[in-house]
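The values are calculated or read from the model by the stated rules, or taken from the named source; none is laboratory data. Keep in mind that this is a model prediction, so the values were computed, not measured. We place every Cβ from the backbone using ideal geometry, glycine too, and count neighbours over all the protein chains shown.
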Amino acid sequence: MSAHNFRDALAVELSCLWQCAQFSRRHLRYFIIFLFLYGPSLLHWKRYRAARVGFCTAQWIDDLLDGDRRSEDEPLEIIEQLVQEMETEHFSRDPLSQLTAALFAELSPDGRSEFIALVRTMQRDRMRVLGGEVWEDSDLDAHHQTTFRLSVNLMLRTAGCTARAEEVPALVEALAWCSVFRDLDDDLRKGLINVPRRAWRTTPEAYETWIHESRARASSAIARAAMEIERLDDERSRRILRVFQSSIARFERRLRPRQITRRVAGVLTS
């Protein structure tokens, strides 16, 4: 490796560490992901480079679009410029652009196309916030499942796995459900409405009905996901996806619909 390439690689690794520190300051779960990524990396640093870079790039973009990362310019404009760089594969010297370039160097053409599709899907959430959009159940479900299908594929690709999200549709469904209810009140504070139109600003009973119905579907999806994972041929895929399936199952067991309703009511009346 030349001195120039070594400096670039070191800059990417330092950027990833710095971003992980920023993510972890906001929530403990990001520190757990950091340990999950960097533990195996200590033994196989090069093998897990793509996973480290992929997580940090996607999360940085998500933080910008969600408003968790402050920016002087409108996040949609920043990310639209980044998408144009991805589509032409000509990246600026901006730190996020350089991290994205490092990720693209690790991905196949199909992986690059899917990452661009993931970013486009994430941009849609920012548009929803700006427009105060309230969607029907079916539209929300389709949007969240697209987000997590592409996210799971990014994770599997960068971890060197052969399985794909299309083989574990129930896990994708369960991840989408968990994401909505885990962050429901935080998202509402940001203006991102993941409550369907039929329950939005109605009654506590309508919220609880929606929550109970969603939970029942999620419980079924979690059970099916466990079976899907065990049918995969790739042991590394099974090992990684089991972690997510068990984490969602624990969240589902702890969830209390009335607590969710009170949290939503607290946001709406504040």
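When the test is whether a residue is more than 26 Å from Leu28 (Cβ to Cβ) and small (Gly, Ala, Ser), Gly132 passes it. Screening the candidates Glu252, Glu228 for the property of being part of a helix (DSSP H, G or I), under 22 Å from Asp137 (Cα atoms), out of contact with any strand residue (DSSP E or B) (no Cβ under 6 Å at 6 or more places or on another chain) and of a type in the set (Asp, Glu) yields one hit, Glu252.
From Ile229, Ile240, Ile222, Ile260, which residue is among the hydrophobic types (A, V, I, L, M, F, W, C) and within 26 Å of Arg128 (Cα to Cα)?
Every option except Ile260 fails the conditions.
Of all residues in the stretch 220-239, exactly one satisfies the criterion of being of a type in the set (S, T, N, Q) and crowded, with 16+ Cβ neighbours inside 10 Å, namely Ser237. The residue that is farthest from Phe244 (Cα to Cα), counting only those in the stretch 129-163 that are of a type in the set (D, E, K, R) and surrounded by fewer than 17 Cβ atoms within 10 Å (Cβ to Cβ), is Glu133. Every condition in (1) in contact with a Phe, Trp or Tyr (Cβ under 8 Å, 6 or more places away or on another chain); (2) in contact (Cβ under 8 Å) with a residue 12 or more places away in the chain holds for Leu140 except the one numbered (1). Here Gly191 fulfils each of the conditions (1) exposed (fewer than 14 other Cβ atoms within 10 Å of the Cβ); (2) under 23 Å from the mean Cα position of the chain (by Cα); (3) at positive phi apart from (1). Within the stretch 82-98, is there a residue that is closer than 19 Å to His143 by Cα, in contact with a Leu (Cβ under 8 Å, 6 or more places away or on another chain) and surrounded by 14 or more Cβ atoms within 10 Å (Cβ to Cβ)? No: zero hits. Residues that are surrounded by 13 or more Cβ atoms within 10 Å (Cβ to Cβ), of a type in the set (D, E, K, R) and without any contact (Cβ under 8 Å) to a residue 40 or more places away in the chain within the stretch 240-270 comprise Arg242, Arg262, listed in sequence order. Evaluating Ala51 against the criteria (1) buried (at least 19 other Cβ atoms within 10 Å of the Cβ); (2) modelled with pLDDT of 95 or more; (3) of a type in the set (A, V, I, L, M) leaves one unmet condition, (2). If we keep just the residues of the stretch 76-118 that are aromatic (Phe, Trp, Tyr) and closer than 20 Å to Ser151 by Cα, which is nearest to the chain's Cα centre (by Cα)? Looking at residues that are aromatic (Phe, Trp, Tyr) and closer than 20 Å to Ser151 by Cα, I get Phe115. Taking residues in the stretch 28-42 that are touching a residue at least 24 places away in the same chain (Cβ under 8 Å), and partners anywhere that are assigned to a helix (DSSP H, G or I) and hydroxyl-bearing (Ser, Thr, Tyr), the pairs with Cβ atoms closer than 7 Å and at least 6 places apart or on different chains are Tyr30/Ser24. One residue stands out among those in the stretch 164-184 that are surrounded by fewer than 21 Cβ atoms within 10 Å (Cβ to Cβ) and under 17 Å from Glu235 (Cβ atoms): the one that is farthest from the chain's Cα centre (by Cα), which is Glu167.
How about the stretch 166-220: which of its residues are free of Cβ contacts under 8 Å to residues at least 12 places away in the same chain, under 21 Å from Arg254 (Cβ atoms) and not in a helix (DSSP H, G or I)? Asp183 - this is the single residue of the stretch 166-220 that is free of Cβ contacts under 8 Å to residues at least 12 places away in the same chain, under 21 Å from Arg254 (Cβ atoms) and not in a helix (DSSP H, G or I).
Tell me which residues, restricted to the stretch 133-160, are modelled with pLDDT of 95 or more and assigned to a loop (DSSP other than H, G, I, E, B). Glu133, Val134, Trp135, Glu136, listed by residue number.
Out of Arg239, Arg215, Arg224, one residue alone is of a type in the set (D, E, K, R), touching a helix residue (DSSP H, G or I) at 6+ places or on another chain (Cβ under 8 Å) and within 30 Å of Ala51 (Cβ to Cβ). It is Arg224.
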